[in-house]
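Dropping the structure in here first, questions after.
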Amino acid sequence: MDSEPVAAQGYSETKPAPAASADSNIDHAASIRYWNSVPANANVMLGMLGNYPWYTRIDLRGSKSFLSKVRRLVPRCPTEGKLKQGVDCGAGVGRVTEGFLSHVCETVDAVEPVEKFTQVMQESVLKKAGVVGDIYTVGLEEWYPEKKYDLIWTQFCVGHLTDAQLVEYFVRCRQHLTDSGLVVVKENMSTDPNGLDMYDEEDSSVTRTDEKFKEIFRLAGLAVITSELQLGFPKNFKLLPVRFYALRPKS
């Protein structure tokens, strides 16, 4: 739902779902209420990340490194310079856009359901400079792209969509990529000992397994180019694993 606060899932305890279908517990209205209770302030967002400002540094550095590797794997994708058009899905107040996507894309659109978060982006320096393009105040389950993208970046937000909604979202993403465009998903991974998705009552979200993500991608007609874990987080904090997936339409 939004990349800043949802990242805090990496610092909180989630509960194993009593049944295999953890996504059946998702309540979109409850999710919006939760995130509307969070102040739309970048410093507060860092506080929500466990008062660990180093988290953002490691997170953004890992994203930059991963995208650099992926660009070399995609035919016709330029390996240097900026991509023309990107979109930050689950943008929050724009942490990922400001710290990463604006450095790798000429223009970055934003998708975020919480209006007070998108208002921060509307008033940002990057918006006034034209780096931030169109801002859509809508949930991913209701976002229908209106243009083609070179990069659709989706981070710490898909836990608020049911499995079926997530398949439909990725189908729309697949249909709105440029010839060399790609989708990148960056999400927390379930650590349930029984290999199940985990439901978090606090913000009404699901943390999925690697197997579940791969099945969803398959159903959406997307192929995993490469995938890897985000490295660099101190082990003593016992954070949930964070994994990248680079996706392209199946040939």
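The values are calculated or read from the model by the stated rules, or taken from the named source; none is laboratory data. From a predicted model like this one, the values you see are computed outputs, not experimental measurements. Quick reminder, even Gly has a Cβ in these numbers, built from the backbone with ideal geometry, and neighbours come from all protein chains shown. These accessible areas exclude ligands, DNA and RNA; they are computed on the full protein's heavy atoms, side chains included. Shrake-Rupley method; radii C 1.70, N 1.55, O 1.52, S 1.80 Å.
Setting aside same-chain residues fewer than 8 positions from Lys64, which lysines have a Cα under 26 Å from its Cα?
Within the straight-line limit of under 26 Å, Lys64 reaches these lysines: Lys82, Lys84, Lys127, Lys128, Lys147, Lys148, Lys186, Lys212, Lys214, Lys235, Lys238, Lys250.
Given N residues in segment 185-235, what is Rg(Cα) / (2.2 N^0.38 Å)?
Working: Rg = 12.5 Å, N = 51, 2.2 N^0.38 = 9.8 Å.
Here the answer is 1.28, to two decimals.
How large, in percent, is the carbon and sulfur part of the accessible surface of the chain at a probe radius of 1.4 Å?
Details: 5550 of 10970 Å².
Looking at the chain in its full context, I get 51 percent from C and S.
Can you tell me how much longer the chain between Gln175 and Val138 gets when fully stretched, taken as 0.36 nm per residue apart minus their C-alpha distance, in nm with one decimal?
Values: separation 37, 0.36 × 37 = 13.32 nm, distance 1.90 nm.
The span from Gln175 to Val138 would gain 11.4 nm if fully extended.
Could I ask something else about it? Where does the chain land on Rg(C-alpha)/(2.2 N^0.38 Å)? Could the numbers behind the result be given before it?
Values: Rg = 16.6 Å, N = 251, 2.2 N^0.38 = 18.0 Å.
For the chain, the normalised Cα radius of gyration is 0.93.
In addition: Ignoring ligands, DNA and RNA, what accessible area per residue does segment 24-249 give at 1.4 Å, in Å²? Provide the component values of the computation, followed by the final result.
Details: 9830 Å² over 226 residues.
I get 43 Å² per residue for this part.
Which net charge results when you count Lys and Arg as +1 and Asp and Glu as -1 among the other residues whose beta-carbon is under 12 Å from that of Pro75?
Working: positive: Arg71, Arg72, Arg76, Arg248; negative: Asp179.
Neighbourhood net charge equals +3.
Any chance you could get the radius of gyration and Dmax over the Cα atoms of segment 27-168, in Å?
Expressed in Å, the Cα Rg and Dmax of segment 27-168 come to 15.1, 44.
Right, another one. Under the 0.36 nm per residue contour assumption, what length would be gained going from the current alpha-carbon distance of Ser227 and Asp27 to full extension? The partial results should precede the final answer.
Details: separation 200, 0.36 × 200 = 72.00 nm, distance 2.93 nm.
Once the chain is fully extended between Ser227 and Asp27, it gains 69.1 nm.
How big is the antiparallel share of DSSP beta bridges in segment 24-249, given as a percent to the nearest 5? Could the numbers behind the result be given before it?
Numbers: 16 of 35 bridges.
Of all bridge pairs located within segment 24-249, approximately 45 percent are antiparallel.
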